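The block underneath contains the structure these notes are about, expressed in structure tokens.
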Amino acid sequence: MKKRLLYVGALLTTVLVNAQQQDPDINRDKDSIKIEQLQEIIITDSRFQLKRENSGKTVIKIDAVELEKNQGRSIAEIINTKSGLEINGSRSNGGQNLSYFVRGGNNRQVLVLIDGIQVTDPSQIANDYDLRLIDINQIESIEIIKGAASTLYGNAAATAVINITTIKASKEVISAVFSSSMGTNQSNDDSSNNIADFNNSISISGTSNKFNYNASFGHQYLDGMSAVITGTERDAFSRTNTNLKVGYQATDNFSIAVFANHDRFTADFDNSFPIEDALFTSKSKQYRLGISPKFTYKNGSFIINAAYNTIERDIKSSFPNSFVGKSYIVDAFNKYNFDDKFYTIVGVNYIKNETEFTDDEESTIIDPYANIVWISSFGMNLNAGVRLNNHSEYGSHFTYNLNPSYTYKFDDNYLKILGSYSTSFISPNLSQLFGPFGANPTLEPETNITFEAGAELKLSDKIRFNAVFFERTEKEFIDFIIIDFNTFEGQYQNVSDEFTVNGVEVELSSKLLKSLGFTANYTFTERKDKVALRIPKHKANASLNYTVNDKTFLGLNYQFVDERVDTDFATFENRTLSSFSIVDVLFSRELIPNRLKLSASISNVFNEEYTEVIGFTTKGRNYKLGLRLNF
């Protein structure tokens, strides 16, 4: 351990000395530079712009600065460093399927939004959205709320909502950003250091009179690793992203935006039963079209978010198959502010899902909902709402949310006490209702009840600390029940047993010095009633960020993942996977102010050997260089 610490210390010292030598003004007096600390604004937990101190949740905010510091990493890798979140597969080969484990849940309990619009794949068994489709260079920010949020966002918002906001148009007539990175992509036992990871993107945007536009293109190519440990051939991953968004401010009160996206990836993968090399390929293509008109009036606004989304998947393996899923989404809502203390939102959400099995199948959801936010003058805050889900296959289901909090302010500091009691639902998807394997059209929706209690302390701009206890109860859990163990024939059924998950999430953000910041988080998750496959009981992350000067940044990240249980499909027995720790180093240097920035990183500095999924490869020590050019 001492050798490891000396290694990191030497590495940090070397980079720091070099940075100081390159900047003769490093010790200049910066006291004359006034830095205004802006209040962090939270949107996702209420759909209103609220100061963090008035939000009843401990929302995770990943801003543009953090995304830029992590240039070249995937969205799953960045999210995986946050409290309460475990994205299994993000440390493996680029084409590895991703599993979203949040508060002991799984993929079908996590809802992804892009610019406030739900995105799902109705052809998937989990009806989830594949984060591998997204280019992080086209993202402005990410907000994550954990816990039941079905009142505001509907189906599947049971353990988390990941709200992704894409980059906005430049205020200039024309502006462009070009990002490029390259690096290695190798496992623990590979020390060839061949360049096998290429990531490039360009975005052109601007504003002219009443029009604004944003067009972007991105491409990533990964090679160098076999999907399975015993494999010798490389399994490549290739993704392209094309996005176009145009906005028009017709009057002071009316604006409209339209967008079109085309995302696709090709992922090579190997045989998982038995574990061996194979020339298997998975291709996914996504097309999204949408329109968002907005009409504002005194004290309020009326907004429509409408989108059409289709995802095509083609799998070439020992069991080849093709899938097509289509979604039509309309979310129309009215926001009204009675004053600066009382906010209301009333809306209706329509979703139609279609997919192709033996026959074309579809389902529709129509959800009216309402939510209020009250911010008192004496520190009491309340976020509460109701939603009536009307599903074409299983009827109606009522959900609600009650989220009080109290904020005690003193000078520039505050102490916030919060609690919530929320319900949510996960409707049976088309595959479970009508698919070719184990379909059951009589399924009822899964329901979740989540209780939270916690506190957040903010001391000026120096320290922010929060801790939350949660308990989540699952009812009517949908599982695949094997009926005949000789043929493995089975059916999806609602399990009558209740399952309970509880845990603690702790976060610390501090500014030790003007130029030195430290963040850390810890998560404890425990499933009481059944085995939690691939979910660590304890997980911790820590990050030390040093701003050498206004041009140079240096970061050190640490992650600890506790023992997990996984199923070995060679024996159909559960095995305990060893805990592991990973250390990453990040560095960036601005060469031309506001124009050119270089970045470098070393991930898994100590080349730690570990397992995410039994039989599958994980990343060893890797190096990456990148640049970002604004013009």
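Structure above, values below:
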{"quantity": "Condition check for Ser205: assigned to a strand (DSSP E or B) and either touching a helix residue (DSSP H, G or I) at 6+ places or on another chain (Cβ under 6 Å) or without any contact (Cβ under 8 Å) to a residue 12 or more places away in the chain (or both)", "calculated": "no"}
{"quantity": "Residue selected from the stretch 542-562 under the condition assigned to a loop (DSSP other than H, G, I, E, B) and at pLDDT below 95, by the criterion nearest to Glu612 (Cα to Cα)", "calculated": "Val548"}
{"quantity": "Strands (runs of 3 or more DSSP E) enclosed by the stretch 380-458 - at least 3 residues per element that are more than 23 Å from Leu152 (Cα to Cα)", "calculated": "395-410, 413-426"}
{"quantity": "Hits in the stretch 125-158 (condition: of a type in the set (Ser, Thr, Tyr) and under 26 Å from Gln71 (Cβ atoms))", "calculated": "Tyr129, Ser141"}
{"quantity": "Of all residues making up the stretch 429-454, the number that are crowded, with 17+ Cβ neighbours inside 10 Å and without any contact (Cβ under 8 Å) to a residue 24 or more places away in the chain", "calculated": "0"}
{"quantity": "Among (1) of a type outside the set (A, V, I, L, M); (2) within 17 Å of Ile426 (Cβ to Cβ); (3) modelled with pLDDT of 95 or more - the single one Pro368 does not satisfy", "calculated": "(2)"}
{"quantity": "Of all residues in the stretch 139-153 being of a type outside the set (A, V, I, L, M, F, W, C) and surrounded by fewer than 23 Cβ atoms within 10 Å (Cβ to Cβ), the one that is farthest from Arg527 (Cα to Cα)", "calculated": "Glu140"}
{"quantity": "Total residues in the stretch 536-558, condition crowded, with 19+ Cβ neighbours inside 10 Å and under 15 Å from Asn88 (Cα atoms)", "calculated": "2"}
{"quantity": "Considering residues of the stretch 524-541 that are in contact (Cβ under 8 Å) with a residue 60 or more places away in the chain and assigned to a strand (DSSP E or B) only, the residue farthest from Gly105 (Cα to Cα)", "calculated": "Asn541"}
{"quantity": "Candidates Asp235, Asp252, filtered to the one that is buried (at least 20 other Cβ atoms within 10 Å of the Cβ), charged (D, E, K, R) and part of a loop (DSSP other than H, G, I, E, B)", "calculated": "Asp235"}
{"quantity": "Number of positions in the stretch 579-627 that are among the charged types (D, E, K, R), buried (at least 20 other Cβ atoms within 10 Å of the Cβ) and outside any loop (DSSP other than H, G, I, E, B)", "calculated": "5"}
{"quantity": "Residues satisfying the stated conditions in the stretch 199-234, i.e. β-branched (Val, Ile, Thr) and out of contact with any Lys or Arg (no Cβ under 7 Å at 6 or more places or on another chain)", "calculated": "Ile202, Ile204, Val228, Ile229, Thr230, Thr232"}
{"quantity": "Residue selected from the stretch 366-403 under the condition over 30 Å from Asn299 (Cα atoms) and not charged (D, E, K, R), by the criterion surrounded by the most Cβ atoms within 10 Å (Cβ to Cβ)", "calculated": "His397"}
{"quantity": "Selection count where residues are touching a strand residue (DSSP E or B) at 6+ places or on another chain (Cβ under 9 Å) and closer than 25 Å to Tyr546 by Cα, scope the stretch 593-619", "calculated": "14"}
{"quantity": "Residue match in the stretch 283-293 (condition: of a type in the set (Phe, Trp, Tyr), touching a residue at least 24 places away in the same chain (Cβ under 8 Å) and either buried (at least 16 other Cβ atoms within 10 Å of the Cβ) or in contact with a Cys (Cβ under 8 Å, 6 or more places away or on another chain) (or both))", "calculated": "no"}
{"quantity": "Residues that are surrounded by 19 or more Cβ atoms within 10 Å (Cβ to Cβ) and among the aromatic types (Phe, Trp, Tyr), drawn from the stretch 404-428", "calculated": "Tyr414, Phe425"}
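Listed here are the residues, each with its yes/no results for (1) of a type in the set (Asp, Glu); (2) under 29 Å from Pro293 (Cα atoms).
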position	(1), (2)
Val59	no, yes
Ile62	no, yes
Ile75	no, yes
Glu86	yes, no
Gly89	no, no
Gln124	no, no
Tyr129	no, yes
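The values are calculated or read from the model by the stated rules, or taken from the named source; none is laboratory data. None of these values were measured; they are calculated from a predicted model. A quick note on method: Cβ atoms are made from the backbone with ideal geometry, for glycine too, and the neighbour counts reach across all protein chains shown.
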